[in-house]
Structures are given as C-alpha cells and as structure tokens.
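Please treat every number below as a calculation from the coordinates, not as lab data. Not measured: the values here are computed from a predicted model. No Cβ is skipped: glycine too gets one built from the backbone with ideal geometry, and neighbour counts run over all protein chains shown.
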Amino acid sequence: MKKLLLTPLALCALLAPAHAQTTKPNTVPPSQTVPQTEQGTGLNHVGTEIPVAKYYEGGQDAMYAFIAKELKYPLLAKRNRMQGRCIISFTLNPDGNIQGLRIVKQVGGGTGEEAARVVRLLKFKKPEYPILTSLPIDFKLGVTGSNALEN
C-alpha cells in the first residue's frame with residue numbers, strides 16, 4: 001500500500017521541475033517598454049489618462065504640473081523615506097465644485113492628507129453631470145537628493 005502512495009508522489013516530483021524548466025519567463029522586449037520619467041515629488045503617469053482631467057483648464061498635463069508645484073512632501077514621510085501612490089476619490093459636481101473627497105489609499109506619514117489638500121485646490125470646469133472619480137498622486141523621493149532633508 002505504501003508503494004502505491006509514493007509512486008504518484010514521486011512522479012509528480014519528477015515531472016514538476018521538468019515543466020518549470022521548459023516554461024519561458026514572461027518578458028517584454030526592450031523596444032516595447034515605456035520610458036518612465038524620474039521626478040522627485042509629483043507624478044509619474046506616462047500613458048495614463050485621467051478622465052476628470054478633461055475638465056481642468058489646460059488638460060491633464062496642466063493639472064499635474066499644478067499638483068507638482070503645490071505638493072509639499074510631508075516631513076515625516078520624507079524623514080522615513082516613504083514613497084508611493086496616494087489615491088484621492090471625489091465627486092465633481094455640475095457646478096465645478098468638489099464634494100465627498102476621501103483618501104482611498106495613502107503611503108503614510110501625512111502623504112494622504114497632503115494629496116487631499118492639493119486636490120481641494122484644483123479648479124475644474126463645470127461638467128454636464130456629476131462625476132465620481134479618483135485621482136492618483138505619486139510621492140517619490142529624488143535619487144539626486146533634490147528632496148533631501150533640510151537641516
């Protein structure tokens with residue numbers, strides 16, 4: 001009876017490594033990779049279209065330029081080298097005002113609160129109907145020390 005139980009297990013153990021060696025890794029050719037911009041505090045949304053950005057004067061590029069200019073890296077997050085993406089959700093009303101703003105995702109160290117503060121500063125055009133949307137805001141420390149702690 002023990003031989004019957006060990007035989008299928010032994011076959012599985014022998015076949016599994018052979019299968020793992022024959023599969024190809026999921027790779028993307030270098031010609032198909034999207035270059036990503038290096039920024040300190042701000043955004044890295046190459047190729048990502050944010051639908052609510054069409055209601056911002058100047059479009060998405062102008063909106064993220066404004067966010068990058070106004071965004072201040074929270075001292076606690078900078079001190080602890082916290083980096084990542086915050087997501088702020090809100091409703092854009094037909095009168096152009098923001099309502100129901102909430103932090104969906106944050107990195108910590110005050111990044112969510114700072115992202116929410118900057119989103120409150122955005123001035124949108126009036127849409128025809130209310131739009132429930134979310135806005136990603138990246139916090140990334142510069143490699144060159146542009147966001148180094150001030151002493």
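Length gained on full extension, Lys126 to Asn97: 9.6 nm, using 0.36 nm per residue less the C-alpha separation. Spin-label pair Val104-Asp61: with each label point 7 Å from Cα along the Cα-Cβ axis, the two points sit 2.6 nm from one another.
For the range 49-104, the list of trypsin sites (Lys or Arg not before Pro) that fall in a loop by DSSP and count at most 14 other C-beta atoms within 10 angstrom reads Lys72, Arg81.
Taking amide H positions as modeled 1.01 Å from N, with prolines and chain starts lacking one, the residues under 5 Å from Tyr56 and 5 or more places away or on another chain are Lys125. Strictly over 27 Å apart at the Cα level, which of Lys78/Lys105; Lys78/Lys125; Lys69/Lys105 would you flag in this model? Correct reply: Lys78/Lys125.
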